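In what follows, a structure is listed as structure tokens, so that the remarks can point back to it.
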Amino acid sequence: MTWDWQVFLQDTGGGQTYLNWMLSAWGWTLSVAVCALVVALSVGSLMGILRTTPNKWFVALGNCWTELFRNIPLLVQLFLWYHVIPSMFLVLRGVPSFVLVVLALGFFTSARIAEQVKAGIQTLPKGQTYAGLAMGLTLPQTYRYVILPMAFRIVIPPLTSESMNIIKNSSVAFAVSITELTMFAMQAQEETSRGIEIYLAVTALYFVSAFSVNRLALFIENRVQVPGMIGGGK
Amino acid sequence: MNLNLDFSFLNWGVVSSFVAKGLIFSVQLTVIAMIGGIALGTVLALMRLSGKKWLVAPAAFYVNTLRSIPLVMVILWFFLLIPLLIGRPMGAELSAIITFTVFEAAYYSEIMRAGIQSVPKGQVYAGYAVGMTYPQCMQLVVLPQAFRNMLPVLLTQTIILFQDTSLVYAIGAYDLLKGFEVAGKNFNRPVETYLVAAVVYFVICFSLSMLVRRLQKKIAIIR
């Protein structure tokens, strides 16, 4: 077979080249991933923290949340957000599918992040909580000033791989017609029949995105490292 | 809130004619990809731990590449490439089975690598000292313990694999989710069928993960 990279300069019929379309699709992938990551980090941290509190209702809420969002496939959750929820809550009927995808991916990932945050908090010696409380800090203050600053730095490596997963998982958005990279790959392949070139380019963009997240996370990790801990001590 | 749900169309006939076929395929895909993936993954893990550069490099390349591409893209790649390589079209179902085996091998191999490394090195030396060859030592001493140590993690990965089988949606293979979707379209009740699909997936995955948790307590080796 022969290569035909000029396919990217062909017109899509909509007044732009396939290259332009691919770059805008990359933009959609990154926007979905970044917005979902913001949702996942905030909700996931909250649920992870709730699961370590002494209040059994909070713990139960956090546990239910994690089990619910962890045991349903992402694609099925996406369909629930897209088909089921708007038909039950009519207010949500006009919400753009971008928002629904972000919520679906964000909540799905939040269950995983909750698990990591919980594990991170539990690796800290219990004595730190007791010390905080003995000093007269309230429980929220203990979390804010004693536990979380340590716990978040401990969980950066697992959170990095979750952030890379979220870029990979954003590919399911094709199922609800968001023109992100996977959707672009499927459609452009069909229109041009130059599947290999298109798929190679799209795969390369996924690589670049995940790799950049990895480097960025490494940079953050080095900056916030706790001196004296494994890998730290500068 | 508008709760106008009607599940009455979901009788046994509908389930057995639309959903059962999909469920059988999803389970089939999971089991084949698990067995094939663990076998291939173990070979990859042994290659990466062999210390020989010409074995380590290709195995590391295989694992790292597949782990950084979205599964949906891998499914699309195989669906495009296999017919080009063998010269004739291949059904979505068979293509999915090959894809998942190859893809999951990369994830299982990382688990097996950790499992093999969890066996103390002294045991390998002990194996050699009593005159075992490398294959004997791996087969009789290291791998049985590696499997045992990693069984919960391997099974957890299998639950994730079962969830991921829903992504064959991208190439139109007929799996559990597709079964529900077709039923929903036929009776014009998509909302109800998606809900039931979610409940079915949840029940299967949740009960499996409970089982794994119980197993984990039972088989942990106390050192």
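Bear in mind these aren't lab numbers, they're just calculated from the coordinates by the rules spelled out. Small disclaimer: the values here were computed from a predicted structure and weren't measured. As a convention, Cβ positions derive from the backbone with ideal geometry for all residues, glycine included, and neighbour counts pool all protein chains shown.
What to note about this one:
- With Cα atoms, 0 to 90° folded angle of helix A:195-224 axis to chain A main axis: 20 degrees
- Using distinct alpha-carbon pairs, which all enter the 1/r mean, Kirkwood radius of the protein assembly as shown in Å: 24.3 Å
- Charge dipole (debye, nearest 20) of chain A; +1 at Cβ of Lys and Arg, -1 at Cβ of Asp and Glu: 1200 debye
- Surface/4 estimate of mean projected area, convex hull on alpha-carbon atoms of region B:12-219, nm²: 14.3 nm²
- Label point of residue B:82 set 7 angstrom out along Cα-Cβ; within region B:38-61, amide nitrogens under 20 Å from it belong to B:38-41.
- Spatial offset of region A:140-177 relative to region B:102-136 amounts to 32 Å, using the alpha carbon center of each.
- When the alpha carbon gyration tensor of region B:154-219 is reduced to an equivalent ellipsoid, its three semi-axes come out at 29, 14, 6 angstrom, largest first.
- On Cα atoms only, tilt of B:176-186 relative to the major axis of chain B in degrees: 10 degrees
- Fully extended contour minus Cα-Cα distance, from residue A:137 to residue A:60, at 0.36 nm per residue: 25.2 nm
- Per-residue average of Cβ from other chains inside 10 Å of A:177-187: 2
- Working note: 222 nm ellipticity from helices only, DSSP H runs with n ≥ 4, each -39,500 (n - 2.57), summed and divided by the residues of chain B, gives -25000 deg cm²/dmol to the nearest 500.
- Most tightly packed first, judged by the mean number of other beta-carbon atoms within 10 Å of their residues, the peptides B:26-33, A:40-47 read A:40-47, B:26-33.
- Using a simple spin-label model with pseudo-atoms 7 Å out from Cα toward Cβ, residue B:15 and residue B:93 lie 2.1 nm apart.
- Treating each Cα of region A:5-224 as an identical point scatterer and summing with the Debye formula, the log10 of I(q)/I(0) at q = 0.08, 0.11, 0.12, 0.15 Å⁻¹ comes to -0.37, -0.65, -0.74, -1.00.
- With Cα atoms, 0 to 90° folded angle of helix A:56-70 axis to chain A main axis: 20 degrees
- Shielding by partners for peptide B:61-70, expressed as the average number of C-beta atoms from other protein chains within 10 Å of each residue's C-beta, is 4.
- Computing FRET efficiency as 1/(1 + (r/R0)^6) for residue A:68 and residue B:130, where r is the C-beta to C-beta distance and R0 is 51 Å, gives about 0.50.
- Placing unit charges on the Cβ atoms only, positive for Lys and Arg and negative for Asp and Glu, gives the protein assembly as shown a dipole magnitude near 1880 debye about its Cα centre.
- Summing Cβ point charges (Lys, Arg +1; Asp, Glu -1) relative to the Cα centre of region B:23-130 gives a dipole of roughly 400 debye.
- Counting Cβ atoms of other protein chains within 10 Å of each residue's Cβ and taking the mean over peptide A:117-125 gives 0.
- Shown is the FRET efficiency for residue A:95 and residue A:177, computed with R0 = 22 Å from the Cβ-Cβ distance and rounded to the nearest 0.05: 0.90.
- Nitroxide proxy distance, nm - points 7 Å out along Cα→Cβ at residue B:216 and residue A:9: 5.6 nm
- Computed [θ] at 222 nm, helices only, for chain A once each DSSP H run of length n ≥ 4 contributes -39500 (n - 2.57): -22500 deg cm²/dmol
- Cut-off 12 Å, label 7 Å out along Cα→Cβ of residue B:49, residues of region B:82-119 by amide N: B:109-119
- Distance between region A:44-114 and region B:44-80 - C-alpha centres, whole angstrom: 32 Å
- Restricting region B:32-115 to trypsin sites (Lys or Arg not before Pro) in coil, as DSSP defines it, with at most 15 other Cβ within 10 Å: B:52
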